[in-house]
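The values are calculated or read from the model by the stated rules, or taken from the named source; none is laboratory data. Computed from a prediction, not measured in an experiment: that's the story for all the values here. Please note: Cβ atoms are built from the backbone with ideal geometry, for glycine as well, and neighbour counts cover all protein chains shown. Areas reflect the complete protein model, heavy atoms only, side chains present, ligands, DNA and RNA absent. Shrake-Rupley method; radii C 1.70, N 1.55, O 1.52, S 1.80 Å.
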Amino acid sequence: MDLKDPASYTDLSQGKIQHIDFHINVDFSTRTFDIEAMYQLQEPVNGSLFLDSFKIDLKEARTNGNSLEWEFDPEDEILGQRLHLKGFEGQSTFTLVFHTSPEARALQWLNPSQTVGGKHPFLFSQCQAIHARSIFPCQDSPSVRFTYSAEVEVPQELVAAMAAELIEVQEGKWTTFVFKMPQPIPSYLFALAVGNLAFQELGPRTGVYAEPETIAAAAWEFAENETKIVEAEKLLGPYLWGRYDLLVLPPSFPYGGMENPRLTFLTPTAILGTRGHTSLITHELAHAWTGNLVTNATWQDFWLNEGWTTYAETRITEILEGTDSKDLHLAFNEKQLIAIMERVGMNSPQTCLKLPNEKDVDSFATSIPYYKGCFFLQECEYAVGRERFDEFIQNYMASFQFQSLTTEAFLDFLKAELPEVFEKVDVHKWIYEPALPEEWHRPKSYLFDEVQQALKDYEKGIKPTKEQIQNWHRYQVLSFLQGLPKKISAEDCQYFDAILELEKRNDVAFFSFFYVICIMSGYEAILPRLEQFMGRIGRMLYVLPIVRAMIETDWSRDKVRPLFERVRDRHHQITVNAMEGLLKKAGL
Ligand code: BES
Ligand code: ZN
């Protein structure tokens, strides 16, 4: 297949990486990795091989004992540099020796003060979408899958965790952790973290890594993970990755969760003390099938990962929390979807499920593929009934396991398996046209309606009471904040702060929605709390709306760049780039 991935220099006609053996030394003093990597190719290669790379300091390239010639092309700000390995004569292995850069985009090196314990440094990677190339030269396209092994040397007192199977730990001057990933993965699922980590078992195949100070709270919060896997397996088929562990990261982690195989990377803000944020885990777990087992071939097909996962998440939520809770989630999601579509422009190509050819995939990713993709799959389910759609899901997973596919390959499969879908659903419109079709099964939720009533009352001057909202579901509170007018009075900001008990609940999603309202409403007294939030929380879903609101509002516009400069060192490169992008676009 001649597949063009605009976010990668990969040329599949040259050959494909099949396996990599890594030897990695993690050096906190220089904030670099020292790596020797032996690559095995699927077939012998003749001539050239192009790899993606980002600020890699290559020391040596050799094949079968002979050195290989290489050349780096000029750097592209987004894609990095094409590494051109030259002069292969039918070899199918080669070795590269290199250092990563302290500016490697995938890596965040944290000072001890940025951890809970405060005594040890911390490092973690985030490769999705196109940052694996800043750790090692590779065909950094989700259409290429490889297995790997890794020996990771870390300072004696620290622990290395990888999204792979831990084989053994060797003590010495450095501690060496030996891992193996026997299932083929795309490069964006390569993941490593190093820090003062404790581990606790949760169930026969589940456990959690966290700093010792948080391990007990984490183990309590996620105690139900084993049950989740059992439910997920009923929907999606057998779990093929062996273990499912979690790794709780420091709060600067740019995402809520990242579905690294066998080891979901997680924001610590998911620990609410209530087990109330487990839909996040359900989402990352579902990716073990939709995303990790069956993968989007390019980032234009991102909805195949995220739309399918959001759909699976709602199905599992329905089983674990009931229909009322699922319906509420969906109604909230629909409102969010429309709000984001309005922000990017209803006719923007960003609102299509198949995304346009764009190399800057990080700044192009929104939640649209999540929600719109989920609603499209629901329409397919309605068209054929749940029973047949469930059979289709199992069949889809089994047919494409450990493969990557395009939207078009998915549609071919759908047409062959469930042709009636195409009679009842305007598939072309859902996939290739912007915004949403006129007619579809829009979510209905009485819990959501209850909140809409409270919002209507508020507009008439009747404020909800503390008693009224005390027993609201988390998503009802979110829906309330989502539905408040953009501008309210300063007194009302204070009132909602108090009755929603925002400080006590300590839920970053609530803070984010609330701070946006405060900014838009000109409630300047919120600034110190805002600054504290921005210096601590890295989850982009909740941080970027605040930056946008500050940019759009007159009183805060000239405060946002200085605020960003004060907190930038505390954030991951990915977050810094995203914030910088918003500021630059606004001319700030
Ligand atoms: N795979 C994504 C995170 C991601 C997306 C990383 C695009 C890099 C590029 C992950 O599964 C995800 O969607 N996380 C969400 C939470 C989820 C519950 C919607 C997040 O981090 O906000
Ligand atoms: Zn996801």
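Consider segment 1-24 and keep the residues that are of a type in the set (D, E, K, R) and in a loop (DSSP other than H, G, I, E, B). The one that is surrounded by the most Cβ atoms within 10 Å (Cβ to Cβ) is Asp5.
Here is a check on your reading of the model: is Asp301 among the charged types (D, E, K, R), open to solvent by less than 10 Å² (accessible area, probe 1.4 Å) and over 23 Å from Phe448 (Cβ atoms)? Criteria met by Asp301. When every residue of segment 503-511 is checked against the conditions, at least one turns out to be out of contact with any helix residue (DSSP H, G or I) (no Cβ under 8 Å at 6 or more places or on another chain) and on the phi > 0 side of the Ramachandran plot. Residue pairs whose Cβ atoms lie under 9 Å apart, sitting 6 or more positions apart in sequence or on different chains, and linking a residue in segment 68-79 that is over 18 Å from Asn46 (Cβ atoms) to a partner that is surrounded by 12 or more Cβ atoms within 10 Å (Cβ to Cβ) and polar (S, T, N, Q), are Phe72/Ser53; Phe72/Gln81; Asp73/Gln81; Pro74/Gln81; Glu75/Gln81; Ile78/Ser363; Leu79/Ser8.
Meeting the requirement of 2 or more residues that are in contact with a His (Cβ under 9 Å, 6 or more places away or on another chain) and at pLDDT 95 or above, the strands (runs of 3 or more DSSP E) wholly within segment 25-129 are 32-53, 57-63, 69-72, 107-110, 122-125. Is it true that Ser445 is open to solvent by less than 30 Å² (accessible area, probe 1.4 Å) and in contact (Cβ under 8 Å) with a residue 24 or more places away in the chain? Yes: the conditions hold for Ser445. Is there a residue being within 15 Å of ligand 2 (Cβ to nearest atom), open to solvent by 40 Å² or more (accessible area, probe 1.4 Å), at pLDDT 95 or above and not hydrophobic (A, V, I, L, M, F, W, C) anywhere in segment 355-370? Looking through segment 355-370, at least one residue is within 15 Å of ligand 2 (Cβ to nearest atom), open to solvent by 40 Å² or more (accessible area, probe 1.4 Å), at pLDDT 95 or above and not hydrophobic (A, V, I, L, M, F, W, C).
A quick yes/no check of all residues on (1) in contact with a Pro (Cβ under 6 Å, 6 or more places away or on another chain); (2) of a type in the set (Asp, Glu); (3) under 24 Å from Ala129 (Cβ atoms):
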{"position": "Ala217", "(1), (2), (3)": "no, no, no"}
{"position": "Glu226", "(1), (2), (3)": "no, yes, no"}
{"position": "Trp241", "(1), (2), (3)": "yes, no, yes"}
{"position": "Pro251", "(1), (2), (3)": "yes, no, yes"}
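Within segment 266-286, being within 12 Å of ligand 2 (Cβ to nearest atom) and not acidic (Asp, Glu) holds for Ser279, Leu280, Ile281, Thr282, His283, Leu285, Ala286.
Out of the residues in segment 532-545 that are away from ligand 2 (no atom under 16 Å from the Cβ) and more than 17 Å from Asp497 (Cα to Cα), which is most open to solvent (accessible area, probe 1.4 Å)? Only one residue fits best here, namely Arg536. For segment 566-588, a residue qualifies if it is of a type outside the set (A, V, I, L, M) and in a helix (DSSP H, G or I), and the qualifying residues are Arg566, Arg568, Asp569, Arg570, Gln573, Thr575, Asn577, Glu580, Gly581, Lys584, Lys585.
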